[in-house]
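All remarks here apply to the structure that follows.
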Amino acid sequence: MPLLKTKKAKGSEARLAKYGVFFVLPFLVVYAIFNLWPTVYTILLSFTDLNKFDTLKDASFVGGANYVALVKDSNFWGSVINTFIMWGFNFAPQLGIALIFAVIFTDPGMSGLKGKNAFRAIFYLPNLLTAASVAILFRSLFAYPIGPVNQFFTKIGIQHEFTQATGEVIKEGINFFRSPAWSRGIVSFIQWWMWCGQTLIMLMAGITSISPSLYESAVVDGATQRQQTWYITLPLLRPMMLFLLVTSIIGGMQLFEIPFLLTDMRGGPDYKIRTMVLYMYNTAFQGVNKYGYASAIAMGVFIITMFFSALVFFFMQDRSEPKAKK
C-alpha cells in the first residue's frame with residue numbers, strides 16, 4: 001500500500017508539472033521577445049558596421065574591429081571614469097547613512113520612538129519618483145542665475161566673483177551646470193537621495209533577520225550597544241551588503257537619465273558627467289548613428305559591470321566557514 005501511494009503521488013506531481021509549463025510559458029515568451037532577442041541582436045550588431053538607416057542585411061561583418069576601436073577610444077574610457085566617480089560619491093555615503101539609520105531604527109531601545117514609521121516612509125518616498133521628473137526638478141532648483149538655490153546663496157553671501165578688465169568686481173549667481181565639480185556632485189546627490197531609502201529598507205530587513213538570541217547572549221556577557229553592532233550586526237550583514245554592493249554596481253554602471261536630462265544631453269560640461277550608457281546613446285542616436293559601434297560600447301559596459309561585480313563578490317564572500325571545517 002505505501003508503494004501504491006508513492007506511485008500515485010509521483011503521478012499527480014507529473015500531471016501538475018505539465019500544467020506548470022502553461023503558467024511559465026507567458027513569462028518565457030515575453031522574456032525571449034523583450035530581453036533575450038535584443039541581447040543576441042546587440043551582440044550581432046557589435047560585429048558589424050551598421051550605420052544610420054541601414055538594416056542588418058546591409059551591414060558588413062567587421063569582426064572585432066569595433067572592440068579594437070573601443071579599447072583605444074579615450075572618450076569611452078573617460079566615460080568609464082566619470083561613471084565610477086559619480087557612483088562612488090553616491091554609494092559610499094548612501095551605504096554609510098542608511099546603515100546608521102538602520103541600526104537606530106532596529107534598536108529595541110528605540111521601539112517607542114514617536115514618528116519612527118513616518119520617518120521611514122519619508123526616507124523611502126524619493127525612490128518612488130521617476131528619474132526624469134527628479135532631473136527636471138533639480139535643474140530648476142539649481143538654475144542660473146535666479147534659481148531657488150542661487151537665491152538662497154545670494155542671501156547668505158555666497159556668489160561667484162570675477163574681476164573685469166576695468167578692475168570692477170562682479171558678483172553673480174553660481175552657474176552650477178558649467179562646473180564639472182558641481183555637476184558631478186549634483187548627480188551623485190540625486191542618486192543618493194533617490195536610493196538611500198531603498199538601501200535603508202534592505203539593511204533593516206537584514207538586521208531584523210538576525211536571531212535575537214545572539215544579542216541577548218551578548219547583553220548577558222556585558223557587551224555594549226557598540227560592541228553588539230560591531231561584532232554581531234556588521235559581520236552577519238555581510239550577505240546583505242554584498243547584495244547591495246553588487247546591485248548598486250549594476251545600477252550605477254547603467255546611469256543614464258539624470259546626466260542626460262540635467263545638462264545638454266551629452267554629458268556636459270566638458271563631458272565630465274557623460275556616463276558609459278550616455279556615450280552609447282550619443283553614438284547610436286545623436287549625430288553619427290553608429291549602431292554597430294554603439295553595440296560594442298553596450299557589450300563593453302556589460303563586461304565592465306560583470307568584471308567588477310565578480311571582483312566584489314570574490315573579495316566579500318565569507319571564507320571563515322571553509323577554514324573552520326578544515
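The values are calculated or read from the model by the stated rules, or taken from the named source; none is laboratory data. If you're wondering where the values come from, they're calculated on a predicted model, not measured in any experiment. Cβ atoms come from the backbone with ideal geometry, glycine included; neighbour counts cover every protein chain shown. For accessibility, only protein heavy atoms count, side chains too; no ligands or nucleic acids. Shrake-Rupley method; radii C 1.70, N 1.55, O 1.52, S 1.80 Å.
Residue check, Asn90 against (1) open to solvent by less than 60 Å² (accessible area, probe 1.4 Å); (2) without any contact (Cβ under 8 Å) to a residue 12 or more places away in the chain, all met but one. Which one?
Of everything listed in (1) open to solvent by less than 60 Å² (accessible area, probe 1.4 Å); (2) without any contact (Cβ under 8 Å) to a residue 12 or more places away in the chain, Asn90 misses just condition (2).
Here is a list: Ile186, Ile146. Which entry is β-branched (Val, Ile, Thr), free of Cβ contacts under 8 Å to residues at least 40 places away in the same chain and either surrounded by 14 or more Cβ atoms within 10 Å (Cβ to Cβ) or part of a loop (DSSP other than H, G, I, E, B) (or both)? Step through it out loud before you land on a result.
Values: Ile186 fails: free of Cβ contacts under 8 Å to residues at least 40 places away in the same chain.
Going through Ile186, Ile146 in turn, the sole match is Ile146.
May I ask you to list the residues in region 154-182 that are farther than 23 Å from Met86 by Cβ, open to solvent by less than 70 Å² (accessible area, probe 1.4 Å) and touching a residue at least 12 places away in the same chain (Cβ under 8 Å)?
Once the filter is applied, which keeps residues that are farther than 23 Å from Met86 by Cβ, open to solvent by less than 70 Å² (accessible area, probe 1.4 Å) and touching a residue at least 12 places away in the same chain (Cβ under 8 Å), region 154-182 yields Thr154, Gln159, Glu172, Gly173.
What pairs come up if the first residue lies in region 276-290 and is of a type in the set (D, E, K, R), the second is part of a loop (DSSP other than H, G, I, E, B), and their beta carbons are under 9 Å apart, counting only those six or more places apart or on different chains?
Correct list of pairs: Lys290/Asp49; Lys290/Leu50; Lys290/Lys52.
Considering only region 196-228, state which residues are farther than 30 Å from Leu129 by Cβ, open to solvent by less than 30 Å² (accessible area, probe 1.4 Å) and part of a helix (DSSP H, G or I).
Ala218, Gln228
How about region 56-87: which of its residues are open to solvent by 70 Å² or more (accessible area, probe 1.4 Å) and farther than 15 Å from Phe256 by Cα? Explain how you work it out, then say what you get.
Quick first cut of region 56-87, residues open to solvent by 70 Å² or more (accessible area, probe 1.4 Å) only: 57-58, 61, 68, 71-72, 74-75, 77, 81.
Matches in region 56-87: Lys57, Asp58, Phe61, Val68, Val71, Lys72, Ser74, Asn75, Trp77.
Among (1) surrounded by fewer than 14 Cβ atoms within 10 Å (Cβ to Cβ); (2) within 23 Å of the chain's Cα centre (by Cα), which single condition is Ala294 missing?
(1)
Taking Leu70 as the residue in question, decide whether it is farther than 30 Å from Lys290 by Cα and in a helix (DSSP H, G or I).
no
Taking Leu45 as meeting all but one of (1) closer than 30 Å to Ile186 by Cβ; (2) in contact (Cβ under 8 Å) with a residue 12 or more places away in the chain, write down the number of the exception.
Here Leu45 clears every test but (1).
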